[in-house]
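Note sheet for the following structure.
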Amino acid sequence: EVSGPNYVTLESVFEVGNALGIKEDEVLDMLGFYHHLGVVVHFTDTEALRNIVVLNAQWLVSNISSIIHDKKYHRVKVSDLKKFGLIGDLQRMYSHAIVSRDLLEFFWSDVMQEVDFMIDFARRMLLLSDWAFSPGQEKRYVVPSLLQQSRTKRSSKLQRFYKAIKNVGGRKQPSRLDRLSPFETQENIYALVYVFDQILPLGVYERVLCLLVGMSSFHSGLSVAVPVLKPSWADIWFGSSRLHVELNHRTISFYVHEGDKNVEKYFQMLKSVLSKIESSVFKGKKIADLQFESVDFSSEYVAYSIDEARRRRVKPWFASAEIEARSDENEAAAVPDHIQFANNPLDLDNFMHQMGME
């Protein structure tokens, strides 16, 4: 057990350094070094993060787990929630994984002065994302790890659609397949798939949703539809274009239909999202391969590796050399700066394990 304070302010660290004749830039270098070693937690991405130096990582775990938890084992005082008019907020949190600022302040009342720090920390670790789709001025956030609390376990249309295809060996069953298509069209369906070596690592699907919802929020002023987020699938809009996401035991698949004009952008974005997760969460270790799938209503289900898809110029991902060149050139810019990972994050698998979110 760690004795002493859970955190100190950066200003107090500067004061100690000044008393010892250490300059502020040297103090920041020292904090960066100790952060890299895991001795302290100190991010500099926002003002709220920069101002706090965490000495006890368990303090972070305890506070984050007051939000991300299994409701079967974490009891909340209903009388206190009623007093502050937050019963509806709690119900929304458990049913839709949407958390209000007021509810966060209730759960973090013991650290009320550091609520902005806790929000920025959770946002930075991709445990929550801003939810820009609520009417009015109330600030809300989506916490995808809470989706597992939802009672909705039924498979999506696309899962049943693919099962129907594979059950008939890829041959066409027009009346059944057309009804099960998740898109309001009978055009061909294409997918980019993250294929993981083993079972899907803990928390990856939820972090993918955080990034995609964050990017979708950029379009919220254009009357974009509200994302539909479920424990094993999601629909997320970018302007008028919809990306359908499916989770399986070792894959995450992203589906578009043939007429979608944003395929090139999706390709850039999804390559970049995987790259960010691998570099920031798994220290550069490759955790998944890219695969491309297509369902042609006049033929059978087909899957290609990324190398084979490039060589064959598989539509729509590699329809031309120009598309491929632009996608490689712009890949690094696909994820906006403010929702990128920090350079030296905590061990997220261990972090989530300590919170019991397995």
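Some values worked out for this structure:
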item: Pairwise centroid distance, computed over Cα atoms, of segment 1-66 with segment 193-264, Å; result: 35
item: Listed peptides 41-48, 302-309 by packing density, highest first (mean Cβ within 10 Å); result: 41-48, 302-309
item: Pair His36, Lys261: separation of 7 Å Cα→Cβ label points (nm); result: 4.7
item: Burial ranking of peptide ranges 247-256, 54-63 (average Cβ count within 10 Å, highest at the top); result: 247-256, 54-63
item: Accessible heavy-atom area order of Ser100, Ser279, highest first, probe of 1.4 Å; result: Ser279, Ser100
item: Label-point separation, Ser305 to Ser134 (7 Å along Cα→Cβ), nm; result: 4.7
item: Potential extension, Phe84-Glu47 segment - 0.36 nm per residue separation minus Cα distance; result: 10.4 nm
item: Phi to ³J(HN,Hα) by Karplus 6.51 cos²θ - 1.76 cosθ + 1.60 over segment 70-80, Hz, x for Gly, Pro; result: 8, 5, 5, 10, 10, 8, 10, 6, 5, 4, 5
item: Surface accessible to a 1.4 Å probe, Ile22 within the full protein complex, Å²; result: 70
item: Length added when fully stretched, Thr251-Glu24, from 0.36 nm per residue minus Cα-Cα; result: 77.1 nm
item: Simple spin-label estimate for Lys71 and Tyr94 in nanometres, 7 Å along Cα-Cβ; result: 0.4
item: Cα lying deepest toward the dipole's positive end in segment 195-270, options Ser241, Leu209, Ser253, charges on Cβ; result: Leu209
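The values are calculated or read from the model by the stated rules, or taken from the named source; none is laboratory data. Keep in mind that what you see is a predicted model, and the values were worked out from it rather than measured. Note: ideal-geometry Cβ built from the backbone for every residue, glycine included; neighbour counts use all protein chains shown. When the accessible area is computed, the model is the full protein with side chains, heavy atoms only, and any ligands, DNA or RNA have been set aside. Shrake-Rupley method; radii C 1.70, N 1.55, O 1.52, S 1.80 Å.
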